[in-house]
Structure formats: structure tokens, C-alpha cells
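> One structure is given below, represented as C-alpha cells, and several questions about it will come after.
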Amino acid sequence: MLLKERLVVAATRIVDRNEQLSLRAIAKECGVTAPAIYTHFENLSVIEQEVMHAGFAELARDVQTGILSEKDPVDALLAGCRAYVNYGWEHRNRYRLMFSAGSFALNAMDTFLAAERAIERCVDAGRSASTDTRSDTYLLWLGLHGVATLEKPTRLEYLGLPSSDATSYLTELARRMAQIA
């Protein structure tokens with residue numbers, strides 16, 4: 001693996017551990033000096049961009065894998081939604097960086113577009129009443145983002161709701177936002 005790739009992997013590990021991301025921390029993680037980083041990256045923001053880009057690529061891959069795992073268009077949409085939320089839960093700190101950094105990764109739209117195509121397939125199959133798949137996808141994305149960032153195992157119990165129903169709540173969210181009967 002090239003040093004540039006190792007630096008991004010090291011930065012990702014630091015983010016995943018919820019530690020302060022700095023050039024010094026990245027260098028230490030890779031076993032190089034901090035000045036060695038400058039031959040590959042102008043500054044820390046560029047490394048954060050690379051971590052975000054890699055994160056969005058992983059998220060898109062997971063969502064697309066979920067969608068492709070099902071033949072039925074509604075089941076495919078729901079599998080993609082579960083994959084999205086699971087990614088946010090499994091990579092909380094990375095997910096937070098992806099959506100809170102001051103810049104926007106160029107591939108950030110890939111996941112949104114995969115979800116939009118999944119809703120369009122539901123419409124084409126006569127399973128969704130959506131007349132504006134772009135807006136409905138945006139509403140779905142807002143809901144999924146909320147579940148991925150806000151939901152904790154104890155939150156449902158705190159609200160007096162059975163935590164065993166987390167999957168059914170996610171399914172209902174997706175069905176309502178995609179206007180699936």
C-alpha cells in the first residue's frame with residue numbers, strides 16, 4: 001500500500017476511535033514524521049476530504065449491495081435503507097465526519113441517487129404512488145439520516161416503545177416516505 005493510502009487509512013482509524021485528528025496523530029499512526037505527510041497532502045482538510053470520499057464510497061457500496069440483494073423493488077428499497085442506517089450505526093464517528101465537515105465529497109450523491117432509482121423502480125412496478133421521486137428520496141434520506149444519527153438502543157425504551165420494533169419503525173419510515181402502499 002502506498003504511503004498516501006496508508007495516511008488515509010490511518011486518518012480513518014483515528015476518526016473511528018473518536019480521537020483528535022491531526023497531522024501529528026496521522027504521522028504517528030503510520031510511523032512517519034509529520035512533514036512526510038506534506039509530500040502527499042497540502043493540509044489536514046485535504047486528508048479529511050479523502051476520509052469523507054472513502055466513507056461515501058463505502059456507504060454507496062453497502063446501500064447498492066443491499067438494493068441488489070432483493071428482486072422485489074420494495075424489498076430492495078428496504079434493504080438499501082437498512083444498509084444505510086447500519087453503516088451509520090457501525091461507523092458513527094466516520095459518519096458524523098462525512099456529514100458535518102465543512103466541505104462536500106464529490107461522491108456524496110451516489111447513495112442518494114441509488115435510493116432515488118430504487119423508489120423509481122417501485123413506481124415503475126406500480127408499488128409506489130410517488131409523483132416526485134426526487135423530493136420523496138430527499139424526505140427518505142432525511143429520515144434515514146435521523147435514524148442513523150439519533151437512534152440509540154435505549155432511546156426507544158426511553159420513549160416507552162419496544163426496542164425490538166426498531167426494524168419495523170425503519171420499514172414504516174421508508175414505506176411512508178416512498179409512498180408505498
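Every number in this text was worked out from the coordinates using simple rules, so none of it is lab data. No experiment lies behind these values; they were computed from the predicted model shown. All Cβ positions, even for glycine, are placed from backbone atoms using ideal geometry, and neighbour counts span all protein chains on display.
> What nm value, rounded to one decimal, do you get for the distance between residue 107 and residue 157 when each label is placed 7 Å out toward the C-beta?
About 3.8 nm separates the two model spin labels.
> Answer with one residue from 107, 179, 54: the one whose Cα lies farthest towards the positive end of the charge dipole of the chain, charges on Cβ with Lys, Arg +1 and Asp, Glu -1.
Ranked along the dipole, the leading option is 54.
> Something else now. Just order 75-84, 4-13, 106-115 by mean Cβ neighbour count inside 10 Å, highest at the front, would you?
Answer by packing, highest mean first, reads 75-84, 4-13, 106-115.
> Helix-only mean residue ellipticity at 222 nm, the chain, DSSP H runs n ≥ 4 weighted -39,500 (n - 2.57), per residue, nearest 500. What is it?
Calculated at 222 nm, the ellipticity per residue is -23000 deg cm²/dmol.
> Find the centroid of the Cα atoms in the range 91-117 and in the range 1-80, then give the distance between the two in whole Å.
Measuring centre to centre over Cα atoms gives 12 Å.
> Then there is this: Calculated FRET efficiency, residue 124 and residue 92, Cβ-Cβ r, R0 35 Å, to nearest 0.05?
0.50
> Quick query: amide H of residue 128 versus all other amide H atoms, modeled in the peptide plane; which residues come in under 5 Å with a sequence gap of 5 or more or a different chain?
Here 123 satisfy the definition.
> Given a Förster distance of 35 Å, report the FRET efficiency between residue 69 and residue 40 from their Cβ-Cβ distance, rounded to the nearest 0.05. Intermediate results must be reported in sequence, preceding the final value.
On the way: r = 37 Å, r/R0 = 1.05.
Given R0 = 35 Å and the Cβ-Cβ separation, E is 0.45.
> Can you find, among 21, 78, 130, the residue farthest towards the positive end of the dipole of the chain? Put +1 on the C-beta of Lys and Arg, -1 on that of Asp and Glu.
Of 21, 78, 130, it is 21.
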